[in-house]
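One structure below.
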Amino acid sequence: MSKYLLNGAQEKCELPPMDGFPHCEGKVKWMKDMWRSDSCYTNYGVDGSTCSFFIYLSEVENWCPRLPWRTKTLDEEADRRGQTEIRTSFEELYRVMSRREEFRWMMLRIKRMEDPWINAIRALAAKQNLAKRKRKKVGHGHTHKHVLMCTHTHTHASLHLHLHLH
């Protein structure tokens, strides 16, 4: 996921009702002040516009409702990506995490758990024939393996690692 998030955003950014998303408004306000605090946000296509904040907060972090006109864009992107790719190397993750000292403890823990996780994904892939499945958009509440995203639940932006194997 990257700057494609903003594809067509400026032309049709009409915000939906925020029912069921009690923190959305506060997160949008936070983004207005803090979106430049980490390059991670611009890597996801955040450009300082309210619409880019809303798209990021709905599609990357799930704090806000998805914009109705965005669903088709995401489906088209998923079709372009093709089949699931099963990765068993953590090198790229380690490279990204090693840039920041505060992630050192997470990296050490991941390194200790690397072998069991790789064995688990291989067993799951064999059992469920994952290689034949279509790749899915990663998001909260869905089955996913590794996702690096910006997070602003604390006072500073940082990388947040989600590891879910169902």
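The values are calculated or read from the model by the stated rules, or taken from the named source; none is laboratory data. If you're wondering where the values come from, they're calculated on a predicted model, not measured in any experiment. Backbone-built Cβ (ideal geometry, glycine too); neighbour counts: all protein chains shown.
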Could you figure out which of (1) part of a helix (DSSP H, G or I); (2) surrounded by fewer than 12 Cβ atoms within 10 Å (Cβ to Cβ); (3) modelled with pLDDT under 90 isn't true of R99?
(1)
Of all residues in region 41-50 being modelled with pLDDT under 90 and surrounded by 19 or more Cβ atoms within 10 Å (Cβ to Cβ), which is nearest to the chain's Cα centre (by Cα)?
Y44
